[in-house]
Amino acid sequence: MRHTFNFAIAALALAAQCAVAQSVEPEARQDLGVLKQAAEQFLRTQAAGLPGEVRVTIGSIDPRTKLPACVAPEAFLPASSKAWGKTSVGLRCSAPSRWTIYVQAKVQVHGEYIAAAAPLSQGQTIGQGDIARVKGDLTILPAGVITDASQAIGRTAATTVALGAPLRQDALRNQQAIQQGQAVRVIVNGAGFSVSSEARALNNANEGQLTQVRTPAGQVISGIAKLGGVVELTY
């Protein structure tokens with residue numbers, strides 16, 4: 001009987017030890033490398049379609065960061081952030097535990113942009129010989145930089161542009177196409193037809209601007225100014 005009692009006491013002690021061991025077993029932790037991979041893949045997806053070679057760099061996550069393991073970490077862009085230049089990306093978990101962290105990142109886009117091949121003066125019309133294609137990181141250039149030569153040729157410089165400076169949309173203006181009082185040709189395009197007639201311009205207009213003309217019959221109509229003294233209407 002005494003041996004049976006001692007055996008029961010030993011069994012209870014062993015069970016207690018196992019219970020204590022289970023209670024102090026460490027909780028599974030989130031692999032921080034997996035989070036960095038999720039952030040990189042997310043930014044690459046966001047940057048898909050940008051004009052150039054995309055390079056994504058994810059900043060380090062403090063190795064002291066202890067997060068419960070997540071079944072499916074989700075990456076997202078915080079408000080006011082975008083997949084361009086220096087940015088930040090959020091990572092969050094919904095189950096089994098809820099948490100959110102943010103990491104720094106950099107998205108570089110290496111591609112071609114248009115720069116001045118010679119100094120440009122204000123009002124100068126830009127020709128093929130005035131521009132050069134240059135390769136670089138588009139994310140560190142001014143906003144609105146031109147990447148397609150067709151967006152620069154034929155336009156005029158709104159300000160002086162230094163040699164080698166990137167050409168920006170807001171630094172160029174369209175060439176004047178129509179002068180007030182000029183005789184213009186009005187072309188009306190519709191489904192299956194095109195009709196042209198003569199008219200007189202009522203105002204100055206750059207290429208692509210809306211302008212008004214008066215027909216020989218006295219009718220005032222509006223259309224889009226085109227180079228060569230043409231006003232185009234589409235129905």
* Structure fact -> Apart from one, (1) part of a loop (DSSP other than H, G, I, E, B); (2) modelled with pLDDT of 90 or more all hold for I187; the odd one out is (1)
* To do: Could you tell me which of the residues A152, A201 is open to solvent by less than 40 Å² (accessible area, probe 1.4 Å) and in contact with an Asp or Glu (Cβ under 9 Å, 6 or more places away or on another chain)?
  => A152
* Going through the stretch 112-136 one residue at a time, which ones are loosely packed, with under 15 Cβ neighbours inside 10 Å and among the charged types (D, E, K, R)? -> R133, K135
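A quick yes/no check of all residues on (1) of a type outside the set (D, E); (2) more than 29 Å from A162 (Cα to Cα):
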{"position": "G52", "(1), (2)": "yes, no"}
{"position": "D62", "(1), (2)": "no, yes"}
{"position": "K82", "(1), (2)": "yes, yes"}
{"position": "W99", "(1), (2)": "yes, yes"}
{"position": "P119", "(1), (2)": "yes, no"}
{"position": "Q128", "(1), (2)": "yes, no"}
{"position": "I131", "(1), (2)": "yes, no"}
* To do: Might you let me know whether the stretch 173-180 holds any residue that is open to solvent by less than 60 Å² (accessible area, probe 1.4 Å), small (G, A, S) and modelled with pLDDT of 90 or more?
  => no
* Asked: Considering the stretch 49-74 alone, what residues qualify as being of a type in the set (A, V, I, L, M, F, W, C) and either under 21 Å from S94 (Cα atoms) or out of contact with any strand residue (DSSP E or B) (no Cβ under 8 Å at 6 or more places or on another chain) (or both)?
  -> I61, L67, A69, C70, V71, A72
* Name, by its number, the condition in (1) closer than 28 Å to G164 by Cα; (2) open to solvent by less than 50 Å² (accessible area, probe 1.4 Å) that does not hold for K86. => (2)
* Pairs under 6 Å by beta carbon, first residue among the aromatic types (F, W, Y) in the stretch 78-100, partner crowded, with 17+ Cβ neighbours inside 10 Å and assigned to a strand (DSSP E or B), six or more apart or different chains? -> W84/V107; W99/C93
* Say whether the condition of being free of Cβ contacts under 8 Å to residues at least 60 places away in the same chain, under 30 Å from G49 (Cα atoms) and either in a loop (DSSP other than H, G, I, E, B) or among the aromatic types (F, W, Y) (or both) is met by at least one residue in the stretch 216-232. => no
* Structure fact -> Within the stretch 36-59, the residues that are in contact (Cβ under 8 Å) with a residue 12 or more places away in the chain and either open to solvent by 40 Å² or more (accessible area, probe 1.4 Å) or in contact with a His (Cβ under 7 Å, 6 or more places away or on another chain) (or both) are K36, E40, Q41, F42, R44, Q46, L50, P51, G52, E53, R55, T57
* To do: Please tell me if G181 is closer than 21 Å to I126 by Cβ and not in a strand (DSSP E or B).
  => no
* Would you mind telling me which numbered condition in (1) more than 20 Å from V230 (Cα to Cα); (2) assigned to a loop (DSSP other than H, G, I, E, B) T100 fails? => (2)
* To do: Consider T159 carefully, then state whether it is in contact with a Phe, Trp or Tyr (Cβ under 9 Å, 6 or more places away or on another chain) and not in a strand (DSSP E or B).
  => no
* To do: Would you check if there is a residue in the stretch 147-159 being modelled with pLDDT of 95 or more and either of a type outside the set (K, R) or more than 27 Å from V56 (Cα to Cα) (or both)?
  => no
* Restricting the stretch 92-143 to residues that are of a type in the set (G, A, S) and under 24 Å from S80 (Cα atoms), the residue that is modelled with the lowest pLDDT -> A143
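The values are calculated or read from the model by the stated rules, or taken from the named source; none is laboratory data. Every value quoted in this text rests on a predicted model; they were computed, and no experiment measured them. Note: ideal-geometry Cβ built from the backbone for every residue, glycine included; neighbour counts use all protein chains shown. Note: areas computed on protein heavy atoms with side chains; ligands, DNA, RNA excluded. Shrake-Rupley method; radii C 1.70, N 1.55, O 1.52, S 1.80 Å.
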